2 protein chains.
Amino acid sequence: MSYYNFEEGQNPEQADEHFMRLALNEAKKAYEAEEIPIGALVVSHGKIIGRGHNLTEQLNDVTAHAEMQAFTAAAQTLGGKYLKDCTLYVTIEPCVMCAGASYWTQISRIVFGAHEEKRGFTRIGQNLLHPKTLLKGGVLAEECGQLMTDFFKNKRK
Amino acid sequence: MSYYNFEEGQNPEQADEHFMRLALNEAKKAYEAEEIPIGALVVSHGKIIGRGHNLTEQLNDVTAHAEMQAFTAAAQTLGGKYLKDCTLYVTIEPCVMCAGASYWTQISRIVFGAHEEKRGFTRIGQNLLHPKTLLKGGVLAEECGQLMTDFFKNKRK
């Protein structure tokens, strides 16, 4: 478990960078397992209640995205399906499937790292999210994106 | 396992109705378990290779839609992530999450029963599907929709 105290003089931007760095650690686990390196956390009141990294190859399952696992884990932790007062941190902009899943969770906030030009959900429109969900992109974007670039560069070797 | 032989003088419409009726049986399992009654099958060359019904309440997981489970099961059966030469039969028009998942599977065809006015993915546009995926709606639509109507009528009692 990791706690983050918002009362100790740090601003929300610092909190977002803190959690995105932990999401990056999840992404690095995927990288090491030769999975597309994307990591995700769900945070509630400064506490991580769900985490995941991409496992589509290991599980032979296209639905095993980092976000999906983090949502499922968070719901188990809370004992309820809805992720109110929760934030999803994910290193790469979510795809349509994960944005659609976030709708059902009614999550309060989504913070992502790097934009995903081809398969990111914002090319469809933000109306995929629940009306209650706030969206912020670009947190540690360079580091999050670089991990993907490195991965695909090594794949082509 | 259930096989359906297309060579025996029956036309594709009859095959679609046959499998939709089996998807309806899955939906009825959800109904009996007090879950929103939606059922799904994945069929490859006349053979059911994955099935599922909505389990969001039992699993306390908003991602546990019938289609998601049928995709995961089908990929396990095939031993590969991609559902080429496969058809998804689902009693109700898929939501954005499930349409987004179908994109990643590259499934050949989606056949659904009743339209879903509020949360069906076609209100966003068919461009959510993979370019290889054909779409057909309205198979046994009345029966598929009636099961939902009955469910919500009983819930309100």
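Couple of notes before you dig in:
- Tabulated pairs, the stretch B:118-141, first within 12 Å of A:Ile124 (Cα to Cα), second assigned to a strand (DSSP E or B) and not charged (D, E, K, R), C-beta under 6 angstrom, 6+ apart or interchain: none
- In the stretch A:128-142, residue nearest to A:Lys84 (Cα to Cα) [restricted to those that are open to solvent by less than 40 Å² (accessible area, probe 1.4 Å) and within 14 Å of chain B (Cβ to nearest Cβ)]: A:Thr133
- Residue in the stretch A:114-127 that is in contact with a Cys (Cβ under 8 Å, 6 or more places away or on another chain), more than 10 Å from every other protein chain (Cβ to nearest Cβ) and not in a loop (DSSP other than H, G, I, E, B) present: yes
- Subset tally (residues that are part of a helix (DSSP H, G or I) and of a type in the set (A, V, I, L, M, F, W, C)) for the stretch A:51-75: 7
- Residue under evaluation B:Asn54, criteria (1) under 26 Å from A:Gln69 (Cβ atoms); (2) within 11 Å of chain A (Cβ to nearest Cβ); (3) out of contact with any Ser or Thr (no Cβ under 9 Å at 6 or more places or on another chain), criterion not met: (2)
- Condition check for A:Tyr103: within 24 Å of B:Glu67 (Cβ to Cβ), in contact with a Leu (Cβ under 7 Å, 6 or more places away or on another chain), within 14 Å of chain B (Cβ to nearest Cβ) and touching a residue at least 24 places away in the same chain (Cβ under 8 Å): yes
- Meets criteria (touching an Asp or Glu at 6+ places or on another chain (Cβ under 9 Å), open to solvent by less than 20 Å² (accessible area, probe 1.4 Å) and either closer than 17 Å to B:Met97 by Cβ or among the basic types (Lys, Arg) (or both)) for A:Val111: no
- Of the numbered criteria (1) within 13 Å of chain B (Cβ to nearest Cβ); (2) touching a residue at least 40 places away in the same chain (Cβ under 8 Å), the one A:Tyr89 fails is (1).
- Sole exception among (1) under 23 Å from A:Gln69 (Cβ atoms); (2) of a type in the set (Lys, Arg); (3) modelled with pLDDT of 95 or more for B:Lys47, by number: (1)
- Checklist (1) buried (at least 16 other Cβ atoms within 10 Å of the Cβ); (2) in a helix (DSSP H, G or I); (3) within 13 Å of another protein chain (Cβ to nearest Cβ) applied to A:Gly145, failing item: (3)
The values are calculated or read from the model by the stated rules, or taken from the named source; none is laboratory data. Keep in mind it's a predicted model, so treat the numbers as computed, not measured. Here the Cβ is made from the backbone with ideal geometry for all residues, glycine too, and neighbour counts use every protein chain on show. The accessibility values were calculated without ligands, DNA or RNA, using every heavy atom of the protein model including side chains. Shrake-Rupley method; radii C 1.70, N 1.55, O 1.52, S 1.80 Å.
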